[in-house]
Amino acid sequence: MKKVLMGNHAAALGAALARVDVAAAYPITPQTQSVELLAELAAKGDFKGRFVLADSEHSAMSILLGAASVGARTFTSTSSHGLAYMHELLHWVAGARLPVVMVEVNRALAAPWNLWTDQTDSLSQRDTGWMQFYCATSQEVLDTVLQAYRVAERVRLPAMVVLDGFTLSHTYEPVDVPSQAAADAFLPPYQPPDILDPARPISLGGLTMPKEYFRLRRRIDHDMRRALGEIAAAGRDFQTQFGRGCGLVEDYRCEDAATILVTAGAVGSTAQEAVDSLRAEGLRAGCLRLRVFRPFPTQALRACLPPRARLAVVDRSYSPGASGIFFQEIKAALYPSRREIAGYVAGLGGGDITVEFLRDIWRDADAGRAVADDPAWVEDAR
Amino acid sequence: MRRVEATDALPVQLVGDQPTSENRTGDWRSQRPVIDAARCTGCLICWKYCPEACVTRTDKVPVILMDYCKGCAICAAECPRDCVAMQPEEAA
């Protein structure tokens, strides 16, 4: 049934449709409504799982670590400082191979205080062993929550479903909400292996020597890479069942493009409009959105780039002393390459990245004005 | 040098059949707490403060489990009657 929903509500409905057993969360702007709606659904009896209001994000993820260890399907959502506070537990959950799914609403980190969208919070958790999906629409948020459970439970790794603060979390748009029966047909019940059970006592995660630890880490990497295939398969099955699906990357008018805007998140849909308007002027513009950041979709990225197309990577993130984070990763993934890849840092702390702004960035890159090793920090002059 | 290949034969998780309480962690202690039973009132302040939770309640004088005690001396510092003495362990 089609409903008009904000991104946060799409996230909560995705969790409810996934028949989550335990949700534990702590509210933080701009994620708050995702927790509020789940609490409301639980109070009304429409969410059958256990909803736990935790005393912090660190506790919320600790609760899920325990709940998932006894075989529960688990959910939380957070943002910015909440995610930073969870950091230690993100490693615990991934190392314990628990398929927790979390919705993460991008928000800038302090100091100084800022509430608006910025992808540095989630990208800072790059090395924790969580899969990361970046969504462009509220529909994609709901659909990706369902797909994330399926992939996470198959590869035994946790997944983060990321959406932009306010521009997606608080923007109302039409969302096709699947029926419970349709969601059940796509997402089977969780079949947990090796759970803690008093009837059959075991211990998990105890002190492990270097050789065994090394092999466990190698296995995480193996399963993370295996997840690329599982994500693509989940997207295809979703497409078959619901008539809409998403892959690892989304390319738009790239086949004959001279210069391609590369983005992640909601800016990806703005970039398509910018490309259409540039094409209307006869310019060879294209755009590409990375939907999945971990595991990094190297082959999928390479496959949709014309051999000589120049790239303009627009990052709403920055690693001080280096460059935008997608920019670094894309350069590494395409190495060795003679391709021109330009980095643009834009919209940190929630600055609007508009169609006009993206057109300016595209023109700058297309004219070859960018310096490859020196990312340009750009703001909209209008 | 040997490459560790990515295969499904690698372990996903190590499952132990022993409780972690079998992991006896008291063997690096350099001093041990000794409670003066004659002066102990059984107030259980030591039981409450022990960060290792290795002070066990009894009818009156608590028993400290030396399999886990690290000799941190918090019990001695907190005892209101000052009746926990820290005695050096024999050199190993």
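Just so it is clear, none of the values below were taken in a lab; they were calculated from the coordinates. Just so it is clear, the model here is predicted, and its values are computed rather than measured. With ideal geometry, Cβ positions are generated from the backbone for all residues, glycine too; neighbour counts draw on all protein chains shown.
Observations on the structure shown:
- Förster radius 35 Å - calculated FRET efficiency between A:GLU173 and A:GLU88 (Cβ-Cβ, nearest 0.05): 0.50
- For chain A, the longest principal axis of the alpha carbon atoms and the long axis of helix A:210-242 meet at an angle near 70°.
- With Cα atoms, 0 to 90° folded angle of helix A:32-44 axis to chain A main axis: 30 degrees
- Counted residue by residue at 0.36 nm each, then reduced by the alpha carbon distance between them, the extension gain from A:LEU283 to A:ALA381 reaches 33.0 nm.
- Calculated FRET value between B:MET86 and A:ASP127, using beta carbons and R₀ = 51 Å, to 0.05: 0.75
- Amide N proximity, segment B:47-89 versus B:SER30 label position 7 Å along Cα-to-Cβ, cut-off under 17 Å: B:69-74, B:86-89
- Relative to one another, the C-alpha centroids of segment A:22-56 and segment A:293-322 are positioned 35 Å apart.
- Virtual spin-label span in nm between A:LEU334 and A:ARG369, 7 Å along Cα→Cβ: 2.0 nm
- DSSP bridge analysis restricted to chain A gives an antiparallel fraction near 25%, rounded to the nearest 5.
- Listed residues A:GLY165, A:GLY229, A:GLY286, most fluctuating in chain A (Gaussian network, C-alpha, under 10 Å): A:GLY229
- Taking every DSSP helix (H) stretch of at least 4 residues in chain A, weighting each as -39,500 (n - 2.57) and dividing the sum by the residue count yields a mean residue ellipticity at 222 nm of -13000 deg cm²/dmol.
- Angle in degrees between helix A:355-366 and the longest Cα principal axis of chain A, rounded to the nearest 10: 60 degrees
- Label-to-label distance, nm, for residues given as A:ALA181 and B:ALA53 (7 Å Cα→Cβ offset): 4.8 nm
- Dimensionless Rg ratio for segment A:2-242, taking C-alpha atoms and the 2.2 N^0.38 Å reference: 0.96
- Euclidean distance of C-alpha centroids, segment A:123-175 and segment B:1-41, integer Å: 37 Å
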